1. Kindly evaluate THR128 against the criterion of being touching a His at 6+ places or on another chain (Cβ under 8 Å) and either assigned to a loop (DSSP other than H, G, I, E, B) or modelled with pLDDT of 95 or more (or both).
2. Identify, please: which residue in region 236-275 is part of a loop (DSSP other than H, G, I, E, B) and closer than 16 Å to TRP76 by Cα and is, among those, modelled with the highest pLDDT?
3. If the requirement is being of a type in the set (Phe, Trp, Tyr), surrounded by 19 or more Cβ atoms within 10 Å (Cβ to Cβ), closer than 20 Å to GLY75 by Cα and modelled with pLDDT of 90 or more, which of these qualifies: TYR226, TYR178?
4. Considering only region 83-104, state which residues are assigned to a loop (DSSP other than H, G, I, E, B) and either on the phi < 0 side of the Ramachandran plot or not assigned by TED's automatic domain parsing to the domain that holds LEU158 (or both).
5. Identify the residue in region 206-223 that is under 20 Å from THR176 (Cβ atoms) and modelled with pLDDT under 85 and, among all such residues, is surrounded by the most Cβ atoms within 10 Å (Cβ to Cβ).
6. Condition test on VAL146, is it in a strand (DSSP E or B), in contact with a Pro (Cβ under 6 Å, 6 or more places away or on another chain) and touching a residue at least 40 places away in the same chain (Cβ under 8 Å)?
7. Between a residue in region 54-80 that is crowded, with 20+ Cβ neighbours inside 10 Å and any residue that is outside any strand (DSSP E or B) and of a type in the set (Asp, Glu), which pairs come within a Cβ distance under 9 Å, given they are 6 or more apart or on different chains?
8. For residues in region 21-47 being free of Cβ contacts under 8 Å to residues at least 40 places away in the same chain, small (Gly, Ala, Ser) and on the phi < 0 side of the Ramachandran plot, which is surrounded by the most Cβ atoms within 10 Å (Cβ to Cβ)?
Amino acid sequence: MAENVRAGKRGWNYDPVINGIDLRVDGVTVSKFCGDHPAIYNADSTQLYELGTRLQVDNRVFRYAKAGTAGVNAGWGAFFQITQTMAYEAIHVAGTAGDKTVTITQPSITADEWAGGYIIMGHNSSATMQNRRIVSNTATDGDAHVVVTLDGPLHVALTTSEGIEIIPNIYSNLQTTYNEYSGVAGVPTVTTTTGKYFWVQTWGPCWIIPGGTGTPGSTAFERTLYFVGDGSVNGGVGLVTGATEAHYRQSAGFIIQKDSAGAGGPPFVMLQISP
């Protein structure tokens, strides 16, 4: 029997919302597990978990996410729509080896807007290149400065000439719409609108809307499926020319059942995005 250590920093924590348990390390939920899981099919108006939180249910894996402007549709792939907040910009204050914070210049940032995102520092040189997860950030102060707290200390010093890049939490803006540079985060459990919080499936048995030329999987040996622009999946046989070719597309996984066509046919998929 798992021990309930809700107030502790390490161990197992019971979550009554999904009737499951959390594995917590140093006060952070590393992963969630549940068997009775009706809440994963809800869309929440209030954020219940950190964006990107991992949940394992039977043979499936989900991530907690937020719907962007166009919302998301169950059964279709939901696309990452997050963009870099900063690119090739300099830090404001030099960093010392061992520091767990960096100060940068950026207007109009709210507290923890970048939490759960990533920062790349010192990529002007392989000697200073450092990649850290963002634990928290302050709101922009009167001098347009933001203090970013990292998940680990700097291993080498940074000067104010070092370049940085920041991408916010990648699960903070998922949408069913896309452009030619969008990747699929997973398949939502529920259709919902902008600003709502939901679970998106990233691994395991999953049904996805089929599309393209012919029924995906109806050709012998065609098992791998690929996401296309509307979030549906095509088989490789239907992707035969130019930019539609399979090697340009994001793999969704492979067809599970042996049916070739018809009502019982594909695409019941072994989704393979993020285990």
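The values are calculated or read from the model by the stated rules, or taken from the named source; none is laboratory data. Just so you know, these numbers come straight off a predicted model, no measurement behind them. Neighbour counts run over all protein chains shown; Cβ positions are idealised from the backbone, glycine included.
1. Numbers: touching a His at 6+ places or on another chain (Cβ under 8 Å): no; either assigned to a loop (DSSP other than H, G, I, E, B) or modelled with pLDDT of 95 or more (or both): yes.
The answer is no for THR128.
2. So the first thing to find is which residues in region 236-275 are part of a loop (DSSP other than H, G, I, E, B), and the list is 239-241, 245, 249, 256-267, 273-275.
Filter again for closer than 16 Å to TRP76 by Cα, leaving 249, 266-267, 273.
Details: ARG249: 91, PRO266: 62, PRO267: 74, ILE273: 98.
So the residue we want is ILE273.
3. Values: TYR178 fails: modelled with pLDDT of 90 or more.
The conditions single out TYR226.
4. Filtering region 83-104 for residues assigned to a loop (DSSP other than H, G, I, E, B) gives 83-85, 91-94, 96-100.
Of everything in region 83-104, those that are assigned to a loop (DSSP other than H, G, I, E, B) and either on the phi < 0 side of the Ramachandran plot or not assigned by TED's automatic domain parsing to the domain that holds LEU158 (or both) turn out to be THR83, GLN84, THR85, ILE91, HIS92, VAL93, ALA94, THR96, ALA97, ASP99, LYS100.
5. First pass over region 206-223, keeping only residues under 20 Å from THR176 (Cβ atoms): 206-212, 216.
From what is left, the residues that are modelled with pLDDT under 85 are 211-212, 216.
On the way: GLY211: 19, GLY212: 18, PRO216: 29.
By that ranking, first place goes to PRO216.
6. Details: in a strand (DSSP E or B): yes; in contact with a Pro (Cβ under 6 Å, 6 or more places away or on another chain): no; touching a residue at least 40 places away in the same chain (Cβ under 8 Å): yes.
It is false that VAL146 is in a strand (DSSP E or B), in contact with a Pro (Cβ under 6 Å, 6 or more places away or on another chain) and touching a residue at least 40 places away in the same chain (Cβ under 8 Å).
7. TYR64/GLU50; TRP76/ASP230; GLY77/ASP230
8. First pass over region 21-47, keeping only residues free of Cβ contacts under 8 Å to residues at least 40 places away in the same chain: 21-39.
Filter once more, so that each one left must be small (Gly, Ala, Ser): 27, 31, 35, 39.
Narrowing further to those that are on the phi < 0 side of the Ramachandran plot: 31, 35, 39.
Numbers: SER31: 14, GLY35: 10, ALA39: 17.
The qualifying residue surrounded by the most Cβ atoms within 10 Å (Cβ to Cβ) is ALA39.
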